[in-house]
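Asker: My questions will all concern the structure given below.
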Amino acid sequence: IAQILDSAVKQLQADGTLPDDITPAIMVERTRDREHGDFASNLALTLARPARSNPRDLAEKILAAIETGGHLERVEIAGPGFINFFLGPAAWHAVIGEILQLGKAFGRSDIGKGQHIQVEFVSANPTGPLHVGHGRGAAYGAAVADLLEAIGCQVHREYYVNDAGRQMDILAASVYLRYLDLCGETVPFPANGYQGDYVWDISATLHREHGDGLHHPVDAVFADLPPDAPAGGDKETHIDGVIARIRKLLGPQDYRRVFDAGLDAILHNIRQDLKEFGVEYDEWFSERSLTENHAVDQAIERLRQSGHTYEKNGALWFRSTDYGDEKDRVIVRDNGQTTYFASDIAYHMNKLERGYDRVIDIWGADHHGYVPRVKAALKALGDDPDKLDVLLVQFAVLYRSGEKVQMSTRSGEFVTLRELRREVGNDDARYFYVMRKCEQHMDFDLDLAKSQSNDNPVYYIQYAHARVKSLFR
């Protein structure tokens, strides 16, 4: 239609109706009301002044220069000079031959051919089951990867497994304390521990496999520790003390047994949930491997050598403010332990070393402040930070019967992705998750997703699909 209008303008310029020295910006839009045609253009209104003409009179002249037929059934003028286009059946039928000719290649292209792109998404800490908030990142990340693949890119889908760090230690401590419950101890459970039923399940498996072989008296665990929050203390200091004591009592080998019991059970469920949700990965990348192969040490040393670190209060800091971050960041704590940020620097260094042309991270919106510091680290390492794109996804808010469903992973009160899928189905869940832009807040209405009516967009699509299949039969 834009080409037809351009030809009409050239014809009017040739006969002197329009000045030769104008190059109009031709806008064609879908109409809001099908009674006004399929498409409309305001070209006559935009050209009226340079043509020194009434917009509607100019629209009549443009109309006279347009040939109908073929895809165009008719063209009409509306209002002050809008030109409305009505498409004929040929416009819709023409695509059928293209579909039959191209088969599965229809709708795809090769504009991304030769590009190697990594998409990392979900990457939830394996400290509990995936819940409905994680589901949005899964559906969105899978869609991004599939669309990139549809334009010819070679896409590598990756899940970054946070199998190291403080949160995993808190999970291990939680599992061990529930294990002590099963050994007959009365345990004052920490306010900052993981309290879901899934922790009991892991502890029960641990007890079945080891009996009382890992048992230590509860008094030995909590003796002389800083008080917990309910007793007027600090929950963070208390749980750190609990972790350190359990490590000491169990020793490295048995502590790893407890740690891996939690990690393996939860990671197995995450893998299963995502696979059943239609989301599969090319690689599950272990954070722990970055420490074991000294990638974290190498990243820190590169920052040292390039003069982007300094020591303060016994800790090693990265000068991220040199690159626009709001404050400098600790990469090695005063106790010698590397931070989560240090692992993240090493991970992104590893990504670019693998030779990807572009790296896309899909994170929760609560990681907004994390983006500039990661890009700062890449620049300090001598890598190109523009190769990293970070897409932020707002968590979904779940509603049932008009009431907001409260969720907290720490307290164990949440609706799992598995429960959501069983209640509304994969199609509905994935469609609802990607109906809004990823950065927009999203209300997930369970009742609407389950309704069998035209108000439910998924049901409407499924109904249309069923009609199409019946036509083929």
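Asker: Extension gain Gln115-Asp264, at 0.36 nm per residue separation less the Cα-Cα distance, in nm?
Answerer: Numbers: separation 149, 0.36 × 149 = 53.64 nm, distance 3.44 nm.
Once the chain is fully extended between Gln115 and Asp264, it gains 50.2 nm.
Asker: So what is the diffusion coefficient of the stretch 299-365 in µm² per second by Stokes-Einstein at 25 °C and 0.890 mPa s, using a Kirkwood Rh over Cα pairs? Don't jump to the answer; show the numbers that get you there.
Answerer: Numbers: Rh = 13.1 Å.
Estimated diffusion coefficient is 187 µm²/s.
Asker: Based on the Cα atoms of the stretch 291-338, what semi-axes does the equivalent ellipsoid have, where each is the square root of 5 times one gyration tensor eigenvalue, given in whole Å with the largest first?
Answerer: Semi-axes from the Cα gyration tensor: 18, 14, 9 Å.
Asker: Taking amide H atoms as placed 1.01 Å from N in the peptide plane, list the residues 5 or more away in sequence, or in a different chain, whose amide H sits under 5 Å from that of Glu73.
Answerer: Phe86, Leu87, Gly88
Asker: Which peptide among 344-352, 375-383, 45-53, 130-138 comes first, and what is the full order, when sorted by highest mean count of other Cβ atoms within 10 Å?
Answerer: Details: 344-352: 22.0, 375-383: 19.8, 45-53: 16.0, 130-138: 25.0.
Going by the mean number of other Cβ atoms within 10 Å, highest first, we get 130-138, 344-352, 375-383, 45-53.
Asker: Run the paramagnetic zone check for Lys404: 7 angstrom along Cα to Cβ, then residues of the stretch 137-154 with backbone nitrogen under 19 Å.
Answerer: none
Asker: Under 18 Å from the Cα of Lys469, which aspartates and glutamates turn up, not counting those fewer than eight places away in the same chain?
Answerer: Here the aspartates and glutamates satisfying the reach criterion relative to Lys469 are Asp427.
Asker: Another one. Can you list residues from other chains, or at least 5 along the same chain, whose modelled amide H is less than 5 Å from the amide H of Asp389?
Answerer: Val359, Ile360, Asp361
Asker: Give me the angle, in degrees from 0 to 90, between the Cα long axis of helix 2-14 and the longest principal axis of the Cα atoms of the chain, rounded to the nearest 10.
Answerer: With both axes taken from Cα atoms, the answer is about 40 degrees.
Asker: Next question, about the same structure. Compute the normalised compactness of the stretch 354-444: alpha-carbon radius of gyration over 2.2 N^0.38 Å, N being the residue count. Let's see the in-between values first.
Answerer: On the way: Rg = 17.1 Å, N = 91, 2.2 N^0.38 = 12.2 Å.
Expressed relative to 2.2 N^0.38 Å, the Cα Rg reads 1.40.
Asker: Continuing with this model, one more query. Which lysines have a Cα lying under 30 Å from the Cα of Lys404, excluding residues fewer than 8 positions away in the same chain?
Answerer: Lys235, Lys275, Lys437, Lys450
Asker: Something else: Along each of the three principal axes of the Cα atoms of the stretch 185-340, give the extent in whole Å, ordering the values from largest to smallest.
Answerer: 52, 47, 28
Asker: Any chance you could run the full-extension gain for Glu353 through His368? It's 0.36 nm times the residue separation minus the Cα-Cα distance, nm to one decimal. Could you put the intermediate results ahead of the total?
Answerer: Numbers: separation 15, 0.36 × 15 = 5.40 nm, distance 2.46 nm.
Once the chain is fully extended between Glu353 and His368, it gains 2.9 nm.
Asker: Sum -39500 (n - 2.57) across every DSSP H segment of at least 4 residues in the chain, then divide by the residue count to get the 222 nm mean residue ellipticity, nearest 500. Spell out each step's value before the answer.
Answerer: Details: 17 runs with 222 residues, N = 473.
Calculated mean residue ellipticity at 222 nm is -15000 deg cm²/dmol.
Asker: Please work out the Cα convex hull volume for the stretch 235-319 and give it in Å³ per residue. It would help to have the intermediate numbers written out before the result.
Answerer: On the way: hull volume 16.2 nm³, N = 85.
It is 191 Å³ per residue.
Asker: List the pairs from Lys327/Lys387; Lys351/Lys379; Lys351/Lys387 whose alpha-carbon separation is above 18 Å, in the order I gave them.
Answerer: Working: Lys327/Lys387 23 Å; Lys351/Lys379 14 Å; Lys351/Lys387 10 Å.
Checking Cα-Cα distances, Lys327/Lys387 exceed 18 Å.
Asker: Helix 295-305 versus the longest principal axis of the chain: what is the Cα-based angle in degrees, 0 to 90, to the nearest 10?
Answerer: So the helix axis and the longest Cα principal axis differ by about 80 degrees.
Asker: A further question follows. Taking H as built 1.01 Å from N, whose amide H comes closer than 5 Å to the amide H of Leu18, not counting residues under 5 places away?
Answerer: Gln13
Asker: Thinking of the stretch 415-473 as a set of Cα atoms, what percent of all their pairs are more than 12 Å apart?
Answerer: On the way: 1192 of 1711 pairs.
That tail contains 70 percent of the Cα-Cα pairs.
Asker: Over 10 Å intervals from 0, what percent of Cα-Cα pairs in the stretch 314-473 sits in each interval?
Answerer: Calculated P(r), rounded to whole percents: 9, 26, 23, 21, 15, 5, 1, 0.
Asker: Another question about this same structure. Can you tell me the Rg and the Dmax, both Å, for the Cα atoms in the stretch 155-218?
Answerer: 14.1, 51
Asker: Right, another one. Dipole magnitude of the stretch 176-274 about its Cα centre, charges +1 at Lys/Arg Cβ and -1 at Asp/Glu Cβ only, in debye to the nearest 20?
Answerer: Details: 9 positive and 16 negative charges, 49 e Å.
It comes to approximately 240 debye.
Asker: Here's another thing I want to ask about it. From the convex hull of the Cα coordinates of the stretch 15-148, what is the mean projected area in square nanometres? Don't skip to the answer; put the middle values down first.
Answerer: Values: hull surface 58.9 nm².
Result: a mean projected hull area of 14.7 nm².
Asker: Quote to one decimal, in nm, the extra length available between Thr68 and Asp386 on full extension: 0.36 nm per residue of separation minus the C-alpha distance between them.
Answerer: Details: separation 318, 0.36 × 318 = 114.48 nm, distance 4.83 nm.
Taking 0.36 nm per residue and subtracting the Cα distance, the gain is 109.7 nm.
Asker: Right, next: Using 7 Å Cα-to-Cβ label points, what is the Arg422/Phe189 separation (nm, one decimal)?
Answerer: 2.1
Asker: Moving on. Given charges of +1 on the Cβ of Lys and Arg and -1 on the Cβ of Asp and Glu, with all other atoms neutral, how large is the dipole of the stretch 314-413 about its Cα centre, in debye to the nearest 20? Intermediate values should be presented prior to the final figure.
Answerer: On the way: 14 positive and 16 negative charges, 37 e Å.
The calculation lands at about 180 debye.
Asker: Once the Cα atoms of helix 197-210 and of the chain are each reduced to a long axis, what angle between those two axes, in degrees from 0 to 90 to the nearest 10, is obtained?
Answerer: Between the helix axis and the principal axis of the chain, the angle is about 50 degrees.
Asker: Now a separate question. Please report, to two decimal places, log10 I(q)/I(0) for the stretch 259-402 at q = 0.13, 0.14, 0.18 Å⁻¹ as given by the Debye formula with identical point scatterers on the Cα atoms and no solvent.
Answerer: Treating every Cα as an identical point scatterer, log10 I(q)/I(0) equals -0.70, -0.80, -1.17.
Asker: Go ahead and run the numbers for FRET between Arg34 and Arg256, Cβ-Cβ distance against an R0 of 60 Å, rounding to 0.05.
Answerer: Values: r = 66 Å, r/R0 = 1.10.
Efficiency computed from Cβ-Cβ geometry: 0.35.
Asker: Calculated FRET efficiency, Arg467 and Lys10, Cβ-Cβ r, R0 45 Å, to nearest 0.05? Can you show the working numbers first?
Answerer: Values: r = 44 Å, r/R0 = 0.99.
With R0 = 45 Å, the Cβ-Cβ based efficiency is 0.50.
Asker: Further, regarding this structure: Given charges of +1 on the Cβ of Lys and Arg and -1 on the Cβ of Asp and Glu, with all other atoms neutral, how large is the dipole of the chain about its Cα centre, in debye to the nearest 20? Numbers along the way, then the final one.
Answerer: Details: 53 positive and 71 negative charges, 120 e Å.
Taking the Cα centre of the chain as origin, the dipole is about 580 debye.
Asker: Cα to Cα, under 30 Å, and not fewer than 8 places away if on the same chain: which lysines meet these conditions relative to Lys61?
Answerer: Hits, sequence-local ones excluded: Lys10.
Asker: Same structure, new question: To the nearest whole percent, what portion of all C-alpha pairs in the stretch 1-62 is separated by more than 15 angstrom? Working shown, then result.
Answerer: Working: 931 of 1891 pairs.
Here the long-distance tail beyond 15 Å is 49 percent of all Cα pairs in the stretch 1-62.
Asker: Any chance you could list the semi-axes, whole Å, largest first, of the equivalent ellipsoid that the Cα gyration tensor gives for the chain, using √(5λ)? Could you put the intermediate results ahead of the total?
Answerer: Numbers: eigenvalues 667, 169, 80 Å².
Value: 58, 29, 20 Å, ordered largest first.
Asker: In the chain, with Lys and Arg counted as +1 and Asp and Glu as -1 at Cβ, which of these residues, Tyr399, Ser7, Leu303, has the Cα nearest the positive end of the dipole, that is, farthest along it?
Answerer: Farthest along the dipole direction, towards plus: Ser7.
Since every read-out is calculated from the coordinates, none of them should be taken as a lab result. All values reported here derive from a predicted model rather than from experimental measurement. Cβ coordinates were reconstructed from backbone atoms using ideal geometry, including for glycine residues, and neighbour counts include every protein chain displayed.
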